[in-house]
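Q: Take a look at the following structure, please.
The values are calculated or read from the model by the stated rules, or taken from the named source; none is laboratory data. This is a predicted model, so every value here is computed, not measured. No Cβ is skipped: glycine too gets one built from the backbone with ideal geometry, and neighbour counts run over all protein chains shown.
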Amino acid sequence: MSDITADTHVSPNSGEDRIARDRKTIRLWLYAICLLILAMVVVGGATRLTESGLSITEWKPIHGVIPPLSVAEWEEELEKYRQIPEYQLINKGMSLEEFKVIFWWEWSHRLLGRLIGVAFFVPMVWFWARGRVEPWLKPWLVAGLALGGLQGFIGWWMVASGLVDRVDVSQYRLATHLTLACLIFAYLFGLARYLAFAPVRRDAAARPHPLSLLAALLVAAVFIQIFLGGLVAGLKAGHSFNTWPLMDGALVPSGLWMMSPVWLNHFESVLTVQFQHRIAAYVVVALAVAVFWVIARRADTRHLRGAALAAAGALVAQMTIGIATLVGQIPFGLALLHQGFAVVVVAVVMELWCRARFRRQAGA
């Protein structure tokens, strides 16, 4: 996506020119971290789809970087896996070679998480030490680092839920883990876009467009849908009711709220969880189209129209991928595309919100 820039009337080698150069460098670094997070979400999806997430039964943030290097070490890891319910009830008798396949997926997922941490922390310290981080930006970067640490803890919290008394991870924790990953992506992407949009002069404040609240509503709706999708993934609800537009032979299937208390259906009923994910998809797409329609009709929204059209198009594409994934009974490639493209949707709706929220005043 191209940056929106304005004439800041800075002279060569001025302080403002240096700030502009530093912002561009930091912005590119944040974009690179966002790409790594996208890769992390895709690898995490593959780990889930191959049912590899419980293959490593310990959390060793430092020592865990080194995989088993001998037959004895591999046997030790397999023996740890044999102690958990997933092996005993589902994978009993798994060979060492079969175990290696699921181990490498989970190990790669964790290694990528560590790589993201290093790729964020080391450049941040370097920029900071060289005086290239503006004072106002420092707490925002520290908060980003803290969110990454929290995500690592949430990841282990999720895995731990599947090591005792159940053969998979909690759908609540999986949905939280996925949603937080997308939130961190949005946070860093939004920060990078602010560095592109905001004027260097602190007295030339950005003025939000009135429609920024509508764009924020669309962003919030997308995150709610991502959480609901996490519940679907956690319950493996996509493996049931593989027809569209009808579900179990009806537009509104019977038996949606059979559990007691009723609220439990929205989190633990396969039927209800999938149905609400479908309905939420229709709502989010309709909202995106409505946002584009409102923006297209106004004379003062030229800087928003392209982003609004991209948001509507991305959400229609994501719904189409989701339908194809469901009807195809969750083929690996389509399911992985559906999860990864959710992050692309986050980027597109965040771009729309940033363009509305950080619009500069005329002449700034």
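Q: Working carefully through the options 199, 253, 208, 245, find the one that is without any contact (Cβ under 8 Å) to a residue 12 or more places away in the chain and in a loop (DSSP other than H, G, I, E, B).
A: Being without any contact (Cβ under 8 Å) to a residue 12 or more places away in the chain and in a loop (DSSP other than H, G, I, E, B) holds for just one of 199, 253, 208, 245, which is 245.
Q: Right, something else. Out of (1) under 23 Å from the mean Cα position of the chain (by Cα); (2) at positive phi, what's the single condition that is false for residue 93?
A: Just one mismatch for residue 93, condition (1).
Q: Something else: From (1) part of a helix (DSSP H, G or I); (2) modelled with pLDDT of 95 or more; (3) in contact with a helix residue (DSSP H, G or I) (Cβ under 9 Å, 6 or more places away or on another chain), pick out the condition that doesn't hold for residue 329.
A: Residue 329 satisfies every listed condition except (1).
Q: Right, another one. Return the residues of region 143-168 that are under 20 Å from residue 86 (Cβ atoms), small (Gly, Ala, Ser), part of a helix (DSSP H, G or I) and over 16 Å from the mean Cα position of the chain (by Cα); say none if nothing qualifies.
A: Residue satisfying the conditions is 160 alone.
Q: For residue 280, are the conditions met, namely being in contact with a Gly (Cβ under 8 Å, 6 or more places away or on another chain), modelled with pLDDT of 95 or more, surrounded by 18 or more Cβ atoms within 10 Å (Cβ to Cβ) and closer than 18 Å to residue 234 by Cα?
A: Judged against the criteria, residue 280 is not a match.
Q: Moving on to the next point. State yes or no: is residue 269 surrounded by fewer than 19 Cβ atoms within 10 Å (Cβ to Cβ) and of a type in the set (S, T, N, Q)?
A: Answer is no for this residue.
Every residue, every condition in (1) surrounded by fewer than 19 Cβ atoms within 10 Å (Cβ to Cβ); (2) under 25 Å from residue 182 (Cα atoms); (3) basic (Lys, Arg), yes or no:
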position	(1), (2), (3)
260	yes, no, no
289	yes, yes, no
305	yes, yes, yes
328	yes, no, no
333	yes, yes, no
348	no, yes, no
355	no, yes, yes
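Q: Further question on the same structure: State whether the residues of region 34-53 include one that is without any contact (Cβ under 8 Å) to a residue 12 or more places away in the chain and farther than 26 Å from residue 179 by Cβ. Let's see the steps before the verdict.
A: Of region 34-53, the ones without any contact (Cβ under 8 Å) to a residue 12 or more places away in the chain are 35.
Then drop every residue that is not farther than 26 Å from residue 179 by Cβ, which leaves none.
Taking every residue of region 34-53 in turn, none turns out to be without any contact (Cβ under 8 Å) to a residue 12 or more places away in the chain and farther than 26 Å from residue 179 by Cβ.
Q: With the requirement that a residue be in contact (Cβ under 8 Å) with a residue 60 or more places away in the chain and part of a loop (DSSP other than H, G, I, E, B), what does region 73-92 give you?
A: Start the filter on region 73-92 by keeping residues that are in contact (Cβ under 8 Å) with a residue 60 or more places away in the chain, which leaves 84-86, 89-90.
84, 90 - these are the residues of region 73-92 that are in contact (Cβ under 8 Å) with a residue 60 or more places away in the chain and part of a loop (DSSP other than H, G, I, E, B).
Q: Sticking with this structure for a sec: Determine, yes or no, whether residue 56 is surrounded by 14 or more Cβ atoms within 10 Å (Cβ to Cβ), part of a loop (DSSP other than H, G, I, E, B) and among the aliphatic types (A, V, I, L, M). Lay out the reasoning, then the answer.
A: Numbers: surrounded by 14 or more Cβ atoms within 10 Å (Cβ to Cβ): yes; part of a loop (DSSP other than H, G, I, E, B): yes; among the aliphatic types (A, V, I, L, M): yes.
Against the criterion (surrounded by 14 or more Cβ atoms within 10 Å (Cβ to Cβ), part of a loop (DSSP other than H, G, I, E, B) and among the aliphatic types (A, V, I, L, M)), residue 56 qualifies.
Q: Okay, next question. Within the group 159, 125, which residue is among the β-branched types (Val, Ile, Thr) and free of Cβ contacts under 8 Å to residues at least 12 places away in the same chain?
A: Going through 159, 125 in turn, just one is among the β-branched types (Val, Ile, Thr) and free of Cβ contacts under 8 Å to residues at least 12 places away in the same chain: 125.
Q: Another question, then. Which residues, taken from region 83-133, are crowded, with 16+ Cβ neighbours inside 10 Å and charged (D, E, K, R)?
A: Correct list: 86, 100, 106, 110, 132.
Q: While we're here: Would you mind finding the one in 313, 322 that is part of a helix (DSSP H, G or I) and surrounded by fewer than 19 Cβ atoms within 10 Å (Cβ to Cβ)?
A: Answer to the check: 313.
Q: Check whether at least one residue in region 169-182 is in a loop (DSSP other than H, G, I, E, B), more than 13 Å from the chain's Cα centre (by Cα), assigned by TED's automatic domain parsing to the domain that holds residue 91 and over 27 Å from residue 290 (Cα atoms), and report yes or no.
A: yes
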